[in-house]
Every structure is written in structure tokens, then in C-alpha cells.
Amino acid sequence: ITFFVTDSIMASASTHLTNLRNAIQSSNVEEAKKSITHLKILLLDLPPESKETEAIATETLENAVLLSIQEGDLTAFARNVSQLKPYYEISTEKSSDNRCKILGLNLMYQLTENRLSEFHAELELLRDEEASSPFITFPINLERQLMVGSYNEVLDAAAHIPDSSYDFFLDNLLHTVRDSIADCMEVAFGTMSVEDAKTFMKFESLEEFKEYVQDFRDDWIFENDGQTLCFQPPATGRKASDIPSRTLITNVLSYATEL
């Protein structure tokens, strides 16, 4: 009886997995979420030691991780990754591109959440072939650039992402970096041309830069017909002379930081 029940559940899981694939292919997010929910429930009644169970669970949870990024749901992302990792740990299969992508996305998550100890702990668990994957080397290089304050290289990283799913975390990271650069600019300069400020902060258009100022730096003042920025004195009371401005410019505001 147990055999037939398990066989029936496995068949049902296979059907829902097919539905999940079809929903993802057609960009039907709601149907994909329903299929993932059904599959997670069915997996509770499948033999955990089965290779078939492992394959279904891995594909289900990998898609759940990617779907959570698509929806910008960090809580669901972290939950799905934590459910997926035990299957990665017991797997004897060669590392797939999907696996490397998920592991790389998790590194991006640790980086944007400033969980540097967890970031380095995850690196220790990587297989040799995973560590050399572009999905993994991308967040590793980002972390190194952040630690030495190479903000310019971090801001340029968007042109080299290994997959569009990385955009979500990179956008959050770039915002943090731009905030750090803006803080340095306020301390180092009393005024600055709008064009120079836009260039320093790596905005592609003047409209994007002005939108940032409006949303996050509403104390900055546009003067000289919008050609010059006047920074309000920082709350710390520090003066421009406290920081070598020429060095700041030369290194594109590259101060060592631990985000």
C-alpha cells in the first residue's frame, strides 16, 4: 500500500513540476507560485533518500528562489535558499549552471545585507568548479572592490553581470555605494558642478541624477541655473580641509569601507 501511495504522490509531483515549467516559460507568476506550493507539500510525503525526490525538490526550490527575486521578496529568497541548500549538500551530481547561479545570488544577498562573515563562510563550502564559475567570481570580485574602496569599479559592474537575475541585488548595492560617495562629496566640497557630481556617481543621465537628489538628498541646492550643486554642511561639522580633496578626485572618491 505504501508503495502505491508513494508512487501516486510522485506522479502528482511530476505533473505539478511540468505545470511549473510551463508557467515559468509563459511568465505566469501566479500559476508558478501555486505549483511551487503544491510541490512543497507533496515533497513532505516523498522518501527523502530518493534520487527522484532530490531532483524534484532541487528544481522546485531553484525556481522558487528565482521567482522570489523576480518579485523582490527577500524573505522568500532567504527561506527558499535555506530549504534548497541541504539538497545541494547531499548531491553528488556535477555542479550545474543553475546551482552556480543560485549560490552566486546567495553571495550577492549576503553582500548587500552586510553579512560578511556568512559571505566568507559560504565561500569555504564551494566546490572547486563552482569557485571558478562567472556566477561566483562576480560577487567575489565585488566584495574585494568594496573592501578596498574601489567604488568606481563597483559602479561599473552593472555592465558585466553574469545574469539578469543579479540586477536586483546589484541595484541595492549600487545605491549603497552612491550614498557613500555622496557622503564623501558633502564633506570634501562646498560646491561642485552638476556634471562632475553626475560623473562621480556614475549616473547615465542628468534626469537620473536629479531624481536621486530629489529622493535622497533634498538638502542639496541647485544654483547657477541648475549648473552647480551647493552642499549643506554635514551634521558632523567636518570641514573640506579635513579631507585631501585632490586625492579624493584622483581616486574617484575611493575610500576603504565595510558596507
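The values are calculated or read from the model by the stated rules, or taken from the named source; none is laboratory data. Model, not experiment: these values are computed from the prediction. Don't worry about glycine lacking a Cβ; one is built from the backbone with ideal geometry, like all the others, and counts go over all protein chains shown. Protein only, heavy atoms only, side chains kept; ligands, DNA and RNA dropped before computing areas. Shrake-Rupley method; radii C 1.70, N 1.55, O 1.52, S 1.80 Å.
For LEU46, the conditions (1) touching a residue at least 40 places away in the same chain (Cβ under 8 Å); (2) assigned to a loop (DSSP other than H, G, I, E, B); (3) open to solvent by 40 Å² or more (accessible area, probe 1.4 Å) all hold with the exception of (3). Considering each residue of segment 96-117, count those that are open to solvent by 80 Å² or more (accessible area, probe 1.4 Å), over 23 Å from ALA158 (Cβ atoms) and among the charged types (D, E, K, R), and give that number. Residues flagged as open to solvent by 80 Å² or more (accessible area, probe 1.4 Å), over 23 Å from ALA158 (Cβ atoms) and among the charged types (D, E, K, R) within segment 96-117 amount to 0.
Within segment 122-146, being open to solvent by less than 60 Å² (accessible area, probe 1.4 Å), assigned to a helix (DSSP H, G or I) and either out of contact with any helix residue (DSSP H, G or I) (no Cβ under 9 Å at 6 or more places or on another chain) or not acidic (Asp, Glu) (or both) holds for LEU123, ALA131, PHE135, ILE136, THR137, PHE138, PRO139, ILE140, LEU142, GLN145, LEU146. Residues in segment 147-197 that are among the hydrophobic types (A, V, I, L, M, F, W, C), assigned to a helix (DSSP H, G or I) and over 16 Å from the mean Cα position of the chain (by Cα): MET147, ILE181, ALA182, CYS184, MET185, VAL187, ALA188, VAL194, ALA197. Among the residues of segment 198-229, none is identified as open to solvent by 30 Å² or more (accessible area, probe 1.4 Å), among the aliphatic types (A, V, I, L, M) and part of a loop (DSSP other than H, G, I, E, B). The combined condition, being closer than 17 Å to PHE169 by Cβ and open to solvent by 60 Å² or more (accessible area, probe 1.4 Å), is not fulfilled by GLU93.
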